[in-house]
Amino acid sequence: MHILADTLGSVAVILSSLANIYNEKLRLQAVVNYIDPFLSLILITLILSITIPLCIPIFIYIFYYILEN
């Protein structure tokens with residue numbers, strides 16, 4: 001899953017930069033204004049879906065440690 005997030009992050013950066021490069025040639029300013037935020041939201045969602053399940057056991061461990069002491 002981590003490799004997938006890295007790969008999709010690289011693809012998002014490449015797509016966003018290609019849209020910015022070809023913006024002047026194809027007059028895609030309306031599309032370019034929405035591509036970068038949309039790809040960023042997809043990447044953020046993917047990263048959070050990976051990190052939150054990893055953090056939950058840590059928070060549970062810390063919570064039980066605080067309750068015991």
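Tabulated values for the structure
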item: From phi via Karplus (6.51, -1.76, 1.60), per-residue ³J(HN,Hα) for the range 35-49 in Hz, x at Gly/Pro; result: 5, 4, x, 5, 5, 5, 5, 5, 5, 4, 4, 5, 5, 5, 5
item: Shape box of the chain [Cα atoms, principal axes, largest first, Å]; result: 65, 22, 11
item: Apportionment of accessible area to carbon and sulfur, the range 7-50, percent (1.4 Å); result: 72 percent
item: Förster-model FRET efficiency, 35 Å R0, residue 42 and residue 64, C-beta, rounded to 0.05; result: 0.50
item: Gain upon complete extension [residue 29, residue 55; 0.36 nm per residue less C-alpha separation]; result: 5.4 nm
item: Helix 2-21 vs. the chain, principal-axis angle (Cα, 0 to 90°, nearest 10); result: 30 degrees
item: Distance in nm between pseudo-label sites at residue 4 and residue 17 (7 Å out along the Cβ direction from Cα); result: 2.5 nm
item: Average accessible surface area per residue within the chain, 1.4 Å rolling probe, Å²; result: 85 Å²
item: The chain: relative contact order as a whole-number percent, Cα under 8 Å and 6+ apart; result: 36 percent
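The values are calculated or read from the model by the stated rules, or taken from the named source; none is laboratory data. The structure presented is a predicted model; accordingly, all values stated were derived computationally and were not measured. Please note: Cβ atoms are built from the backbone with ideal geometry, for glycine as well, and neighbour counts cover all protein chains shown. Surface areas here come from the heavy atoms of the whole protein model, side chains and all, with no ligands, DNA or RNA. Shrake-Rupley method; radii C 1.70, N 1.55, O 1.52, S 1.80 Å.
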